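Report on the structure given below.
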Amino acid sequence: MEFDVQSLKDCFFSGIQYLGVTVKISLVSIIFGTILALIVALVRFYKVPVLSQLFALFVTVYRGIPIMLIILIGHLMYVMHFDTVVKALHLSVKIKDVDIVLLGYIVMTVGVIPSISETFRGALKSIDKTQYEACYSIGLTTTQSLRRVILPQMFPVAFPSYINNILGVIKGVPLLSSVGIMEVMQGSLLPCSVSYSYLEGYAAAALIYFMLITLILNVAKYIEKNLNRYRVIRKNTK
Amino acid sequence: MSSYFTWEGFFAAIPLLLEYLPVTLRVTFISLVVATIIAVFVALIRVRRVPVLNMVCKCYLHIMRGLPYVVILLLVYYYLPFLVRKIFAVDINRWDKLVFAVIAFILHEGAYIGEILRAAVESVPKVQSEAAYSVGMSEMQTFFRIVLPQSVKVAIPAYGSNLVELFQNTTITFMIGAMDLIGRANTVGGATMHYIEPYLVVAVVYVIISILIELLFKFLDSKYKFGASTV
């Protein structure tokens, strides 16, 4: 068994074609996950009676389940119950007409909520209590103070760990290949099934992921530099 | 399939699966210990800024941060036997699959824990070391008496969440078909044609142990206090 550069090249280009799927799953789950996580974080932060306890339970339990298991169980549920649910909604779709990627969207979206909501909650807590009081004292409503004062300050605080969460999502996507979703890793393994030499395929997948994540990290570094301008930074007293 | 989920199946799966819980715990523990040892060296090199090795460690960290766990695991699983045979002429194809999993976890966690330790050591203000030197402490004394106790305090929460993450990531040994908790769940599922019960058992086990680890580290964090106030 020798390392074949030509084969690596084939695998690389085959994998690149599926980059769109990985990016699409990541983007969809990050966008919806962020919105939902923000709601969860705000509900828990303001201690809305019943919902806050419910969300706390959900976050605690869900954080304890590995993403791999969520995918496996989600897949089983999806296969068994899809038709029933669709029939209940009076839609005329069958499971065989629907791309399995849909499962990827759902699983990853729900999967990122706990970690991102914890990030947001931590960031909300890091903002000085005096800021909230100042908002109320000049007569801003809760929504106004959130939108104009609290959230703009919260995002820069949350940003570094938010980026970590995003990386977590992207690194979680190849796990979806275990339920048959074609993404970068499976894509770069395609040419290998001819030669039975899988090494090049994994190396190519590693290369693509490495490039993607380096890109994201560099963009994140650039954004982080420009983010801190809205934030009130107290004088650092060591 | 008449009944999709049965409680009988759920309870029947518990003893079958719990047999393999020690395997998963052992994988986690061995990976954690060895990775921590590696991480200490990585952190040491990065804090002291050892010329060439610093760059090597930076590259190592960057690569490990850029690769998904699965890809590292599968690369180790498929590439390591090939590499070892080429260099040492030893055939390790027949080794237990868990060995490869442990190696992959060590590689990944070594970088992450190394970064946690480095951040913790560097979080102690430099003036403190300087103050220690000024009263005549040696470098060793300064590190062990002044810097280390304070940095441990900083490192505990991050180390705990890292451990939880590592523990949860042991599920991806599923991808190489190793025989631990989730591999066993898969075989039990295959034998009974009911996959959901064993998977749910595994989920419950993981939830309980993850929460226990989190509580343990919260407890440690609250216990570990010094006279010096942080205000």
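Just a few scattered comments:
- Per-residue [θ]222 nm for chain B (sum of -39500 (n - 2.57) over DSSP H runs n ≥ 4, rounded to 500): -25500 deg cm²/dmol
- For q = 0.29 Å⁻¹, Debye-computed log10 I/I(0) when each Cα of the range A:134-202 counts as one equal scatterer: -1.14
- With Cα atoms as the point set, the radius of gyration and Dmax of the range B:7-223 evaluate to 20.8, 71 Å.
- Net charge of neighbours whose Cβ lies under 13 Å from the Cβ of B:R46, counting Lys and Arg as +1 and Asp and Glu as -1: +2
- Eligible lysines near A:K87 by straight Cα distance, threshold 30 Å, same-chain separation 8 or greater: A:K24, A:K96
- Dividing the summed -39500 (n - 2.57) terms of all DSSP H runs of n ≥ 4 by the residue count of chain A sets its mean residue ellipticity at 222 nm at -25000 deg cm²/dmol.
- Axial C-alpha extent at least 27 Å, average Kyte-Doolittle at least -1.0 - helices from chain B (DSSP): B:21-48, B:97-122, B:148-169, B:196-223
- Note on B:V52 and B:Y224: the model spin-label points, each 7 Å out from Cα along the C-beta direction, lie 3.5 nm apart.
- Neighbourhood charge, 14 Å Cβ-Cβ cut-off, centred on A:N164 and excluding it, Lys, Arg +1 and Asp, Glu -1: -1
- Amide H partners (placed H, <5 Å) of B:V124, local residues excluded: none
- Counting only residues at least eight positions apart within a chain, or on another chain, the aspartates and glutamates with an alpha carbon under 17 Å from that of B:K218 are A:E118, B:E165.
- Alpha-carbon centroid distance for the pair the range A:200-228 / the range B:129-177, whole angstrom: 26
- Cα-based equivalent ellipsoid of the protein assembly as shown: semi-axis lengths in Å, sorted from largest, via gyration tensor: 37, 31, 23
- For the range A:177-199, the residues whose amide N sits under 20 Å from a probe point set 7 Å from the Cα of A:K96 along the beta carbon direction are A:180-182.
- Hz values of 3J(HN,Hα) by residue in the range A:41-49 - Karplus curve (6.51, -1.76, 1.60), Gly and Pro given as x: 5, 5, 4, 6, 5, 7, 6, 4, x
- Set of aspartates and glutamates near B:K126 by C-alpha distance (under 18 Å), chain-local residues within fewer than 8 positions excluded: B:E139
- Placing dummy labels 7 Å off each Cα toward the beta-carbon, the span from A:S193 to B:N93 is 2.3 nm.
- Backbone HN-Hα couplings from phi across the range A:150-167 [Karplus 6.51/-1.76/1.60, Hz, Gly and Pro as x]: 6, 4, x, 7, 6, 4, x, 5, 6, 4, x, 6, 5, 4, 4, 4, 4, 4
- Summing charges over neighbours of B:L163, with a neighbour being any other residue whose Cβ is under 12 Å away from its Cβ, gives -3 when K and R count +1 and D and E count -1.
- Residue by residue along A:14-20, Cβ atoms of other protein chains within 10 Å of the local Cβ number 0 on average.
- The mean sequence separation of alpha-carbon pairs under 8 Å and at least six residues apart, normalised by the residue count of chain B, gives a relative contact order of 30 percent.
- Estimated vicinal HN-Hα couplings, Hz - the range A:104-115 in sequence order (Karplus 6.51, -1.76, 1.60; Gly, Pro = x): x, 4, 5, 4, 5, 4, 5, x, 8, 4, x, 5
- Computed extension gain for B:V127 through B:W7, at 0.36 nm per residue and net of the alpha carbon distance, reaches 37.0 nm.
- Subtracting the Cα-Cα distance of A:K129 and A:F155 from 0.36 nm times their residue separation leaves 7.7 nm of extension gain.
- Computed on the Cα trace of chain A, the radius of gyration divided by the Kirkwood hydrodynamic radius gives Rg/Rh = 1.06.
The numbers here are math on the coordinates, done by the rules we state, and not lab data. No experiment lies behind these values; they were computed from the predicted model shown. Glycine also receives a Cβ, built like all others from the backbone with ideal geometry; neighbour counts cover every protein chain displayed.
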